[in-house]
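A.B. asks: Could you have a look at this structure, given as structure tokens, before my questions?
The values are calculated or read from the model by the stated rules, or taken from the named source; none is laboratory data. Please read these numbers as outputs of a predicted model, since none were measured by experiment. Note that we place each Cβ from the backbone using ideal geometry, even for glycine, and neighbour counts take in every protein chain shown. Calculation scope for accessible area: heavy atoms of the full protein, side chains included, ligands and nucleic acids excluded. Shrake-Rupley method; radii C 1.70, N 1.55, O 1.52, S 1.80 Å.
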Amino acid sequence: MWLIMTALAAVITTAIWYINAPNDKYKVGILSLFFWGATLMWLVDHVMAYLTEGGEFFEINLDATLLGISVIILALLVWEIVLLISDPKGAWKKVLKR
Amino acid sequence: MACFLVPMAEAIVTTVVQKVVEKQEVKVGVGKKERTGLTWSRKLGWLNKLLWGGTILLALEHIWHGEVVPWPPFLTAMENPADVAPMLHEVATIGVAMAVVVTLVWGIIVLIAEQKAKGLPEVKTVSTEGAK
């Protein structure tokens, strides 16, 4: 389930990046590459596990769904930390000047 | 068990390589000579983001499944000698395959970007940052 959710997040963030391109002030490109990296790695993991061990390709249950949500939250958190540190909007300066 | 360690090792190496290449490009002003902003440091930046993103999110999955713990030896498979060999096998097969696939996809992205960049008018940028 987390593979499907991460792939969905990758597709959505890529679409958002493309709609705004070449402007990427809020670094959506970084978030998109994060999701694509994880999607590719999990895809390899799932395919190899399916070929060697068999069973179901996708694990669909509550635990797997919660993991998918947690993965998306972590990626968003890392992206927000990158945004807060790089501060492309200059928000820190404006807030601290008040 | 610990398959994400291979992409993580690659990410560490490519991050160092990117920093070195970036410094050299700034030193010789490669960005100013390039037809586009498509410098090698920028291309390596895409690979770094793919690898680090995958590594961080896979690390969470391993913590979730109890395969990685915050105390030594960090990998639960290391606590039982019988689990060490399967773990190393997984690292050598799945871990390497993950790193190879991500690098291949990055190579395809770079090839497409270079094809698209051909024929573009000259620009005066020294842009070496991120996935713009």
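A.B. asks: Say we look at the stretch B:31-67 and pick out the residues that are modelled with pLDDT of 95 or more and among the polar types (S, T, N, Q); which of these is nearest to the chain's Cα centre (by Cα)?
C.D. replies: For the stretch B:31-67, the residue satisfying everything is B:ASN48.
A.B. asks: Return the residues of the stretch B:77-110 that are hydroxyl-bearing (Ser, Thr, Tyr) and without any contact (Cβ under 8 Å) to a residue 60 or more places away in the chain; say none if nothing qualifies.
C.D. replies: Within the stretch B:77-110, the first condition is being hydroxyl-bearing (Ser, Thr, Tyr), and the residues that meet it are B:93, B:103.
Hit for the stretch B:77-110 is B:THR93, nothing else.
A.B. asks: Would you point out which residue out of B:TRP46, B:TRP52 is assigned to a helix (DSSP H, G or I), open to solvent by 40 Å² or more (accessible area, probe 1.4 Å) and at the interface with another protein chain (Cβ under 9 Å from one of its Cβ atoms)?
C.D. replies: On the way: B:TRP46 fails: open to solvent by 40 Å² or more (accessible area, probe 1.4 Å).
Exactly one of B:TRP46, B:TRP52 is assigned to a helix (DSSP H, G or I), open to solvent by 40 Å² or more (accessible area, probe 1.4 Å) and at the interface with another protein chain (Cβ under 9 Å from one of its Cβ atoms), namely B:TRP52.
A.B. asks: In the stretch A:14-56, how many are open to solvent by less than 40 Å² (accessible area, probe 1.4 Å) and away from every other protein chain (no Cβ under 11 Å)?
C.D. replies: Of the residues in the stretch A:14-56, 1 are open to solvent by less than 40 Å² (accessible area, probe 1.4 Å) and away from every other protein chain (no Cβ under 11 Å).
Residues checked against (1) hydrophobic (A, V, I, L, M, F, W, C); (2) under 27 Å from A:THR6 (Cβ atoms):
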site: B:VAL6; (1), (2): yes, yes
site: B:THR15; (1), (2): no, yes
site: B:VAL28; (1), (2): yes, no
site: B:LEU47; (1), (2): yes, yes
site: B:GLY95; (1), (2): no, yes
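A.B. asks: A follow-up question, please. Looking at the stretch A:63-78, is at least one residue within 20 Å of B:HIS62 (Cβ to Cβ), modelled with pLDDT of 90 or more and among the hydroxyl-bearing types (Ser, Thr, Tyr)? Even if it seems obvious, please write down each step before you answer.
C.D. replies: Restricting attention to the stretch A:63-78, the residues satisfying the condition of being within 20 Å of B:HIS62 (Cβ to Cβ) are A:63-78.
Applying the additional criterion that residues be modelled with pLDDT of 90 or more yields A:63-78.
If we keep only those that are among the hydroxyl-bearing types (Ser, Thr, Tyr) too, we end up with A:65, A:70.
Yes: the stretch A:63-78 contains one or more residues that are within 20 Å of B:HIS62 (Cβ to Cβ), modelled with pLDDT of 90 or more and among the hydroxyl-bearing types (Ser, Thr, Tyr).
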